[in-house]
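Before any comments, here is the structure.
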Amino acid sequence: MEATTSHSGPAADGGGPPGDGAEARRYHRLQRRLGAADVVGGLAVMGVILATDWTSDFRNFAVRLAGDHHAAALFLYTTILLLLTGFLSLGLDYYGFRIEHRYRLSRQRLRSWAWDQFKGFALTFLFGQVLVQLVYLLIRLQPQWWWVTGWAVLMLFSVLMAQIAPVVLFPIFFRFRVLNNEELTARLTRMCERAGARIRGVYEWKLSEKTKKANAALMGLGRTRRIVISDTLLETCNEDEIEAVLAHELGHHVYRHMWKAIAVQGAVTFFGFWCLKLAIRWAALDWKRYDQIDFANLPLMVLVITAISVLLMPVMNAYSRFNERQADAYAWQTLGSVQAFCSAMEKLAAQNLAEREPARWVEILFHSHPAIGRRMRAALSWAHPGKST
Ligand SMILES: [Zn+2]
């Protein structure tokens, strides 16, 4: 869910080390292949289910079991799809878990990983079922305008999710506690006061139980708005460097990046719903396969949504990198120096096995954050204008 977490800190995602080691390059190549396999696999499964018309068999099976009860039949049908895709992606997820261990980044035991997988699937199941029921209810109630209403409801839901994520969703997977460091809290409070910003707290994110990687983020909306900073980052960085990371996160807050991201997401989702409307109308009228209200067309919807998300990924990433650059510049201005920022970047790149200098096309297509090498050069040229770095 993009909009709930929105911006992770300087540490997130990462580019690769000065002159990137072979290990970082291999690690990121594997990560990209894994991501590609996940998308291609997802598209292939939906494509096969449609091409073979197994979707009609699933629908008939669900209807036989549920009888006249439409919602129950839809629930059963959706359960079949969710179990099928969940089971198929489990293999890739396990491979991802092994890669994290192979590169000595993960600290998670298999049992804990499996429990996280289970909880993740339970959440997907819950949200997936609710969303699917809503969409087909609207299709039946408003055959012309379901996609507009559906979009509006989904947007309200994402705002709600963004708000409750730090207190309800993230705690399902991670432990958080109020940052227990008076000096740092006082520094951040001073920064917030100068910026006229209302941050409701700074929390320590217990990431070390699962990974060696470090991260920081701005989370929540309104009363739940907070900065979280991982204990792994607190272990590695000194107070000046942590202050630089906090200043970057405060930059996201001051520039209202969370709300802007929700607005951009809203525009993209609107386009997505419009495409969905076209796709299911096409399936009913031209392909003559599934009526608009026939939920056997669900794999087509999933196919369309996946394709749109992949195609728009470079645009969304470019937008995210723009926000990240803004938050970086905010941090340099607030601190009046880039030294702590650069040394924090240096440490985090090493800690996260980041690619500091990925190929340009890789950065453009896949990175939500500018590569670390680029961020450091931008910082240095801000600090020493006119001097090429
Ligand atoms: Zn950021």
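SER381 passes every criterion in (1) in contact (Cβ under 8 Å) with a residue 40 or more places away in the chain; (2) under 30 Å from LEU246 (Cα atoms) apart from (1).
Looking only at the stretch 322-338, count every residue that is assigned to a loop (DSSP other than H, G, I, E, B) and either touching a His at 6+ places or on another chain (Cβ under 6 Å) or of a type in the set (S, T, N, Q) (or both) and tell me the total. Step through it out loud before you land on a result.
In the first step, residues of the stretch 322-338 are kept if they are assigned to a loop (DSSP other than H, G, I, E, B); the result is 336-338.
If we keep only those that are either touching a His at 6+ places or on another chain (Cβ under 6 Å) or of a type in the set (S, T, N, Q) (or both) as well, we get 337.
Result for the stretch 322-338: 1.
Each residue in the stretch 369-389 was checked for being surrounded by fewer than 19 Cβ atoms within 10 Å (Cβ to Cβ), out of contact with any Lys or Arg (no Cβ under 6 Å at 6 or more places or on another chain) and not aliphatic (A, V, I, L, M), and 8 pass. Going by what's in this entry, would ARG111 be described as of a type in the set (D, E, K, R) and assigned to a loop (DSSP other than H, G, I, E, B)? Taking the combined requirement at face value, the residue does not satisfy it.
Conditions tested, residue by residue: (1) of a type in the set (Val, Ile, Thr); (2) over 28 Å from GLU100 (Cβ atoms); (3) outside any helix (DSSP H, G or I).
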{"residue": "LEU184", "(1), (2), (3)": "no, yes, no"}
{"residue": "CYS192", "(1), (2), (3)": "no, yes, no"}
{"residue": "VAL228", "(1), (2), (3)": "yes, no, yes"}
{"residue": "VAL245", "(1), (2), (3)": "yes, no, no"}
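Just one residue in the set ILE172, ILE139 is β-branched (Val, Ile, Thr) and within 26 Å of GLY35 (Cβ to Cβ); that residue is ILE172.
Which one is farthest from VAL254 (Cα to Cα) among residues in the stretch 198-233 that are hydrophobic (A, V, I, L, M, F, W, C) and away from the ligand (no atom under 15 Å from the Cβ)? Looking at the filtered set, the residue picked out is LEU207. Scan the stretch 305-329 for residues that are open to solvent by less than 30 Å² (accessible area, probe 1.4 Å) and either out of contact with any helix residue (DSSP H, G or I) (no Cβ under 9 Å at 6 or more places or on another chain) or not small (Gly, Ala, Ser) (or both) and the total you get is 6.
Anything in the stretch 341-377 that is of a type in the set (Gly, Ala, Ser) and within 16 Å of the ligand (Cβ to nearest atom)? List them, or say none. Break it down stepwise before answering.
Pass one, the stretch 341-377, residues of a type in the set (Gly, Ala, Ser): 343-344, 349-350, 354, 359, 368, 371, 373.
Hits for the stretch 341-377 are ALA344, ALA349, ALA354, SER368, ALA371.
Selection of first residues in the stretch 187-201 that are closer than 18 Å to ARG223 by Cβ and of second residues that are among the basic types (Lys, Arg) and in a helix (DSSP H, G or I), restricted to Cβ pairs under 8 Å at least 6 apart or on distinct chains, gives the following pairs, ordered by first then second residue: ARG200/ARG223.
The values are calculated or read from the model by the stated rules, or taken from the named source; none is laboratory data. What you are looking at is a predicted structure, and each value in this text was computed from that prediction instead of being measured. Backbone-built Cβ (ideal geometry, glycine too); neighbour counts: all protein chains shown. In case anyone asks, the SASA skips ligands and DNA or RNA and just uses the protein heavy atoms, side chains included. Shrake-Rupley method; radii C 1.70, N 1.55, O 1.52, S 1.80 Å.
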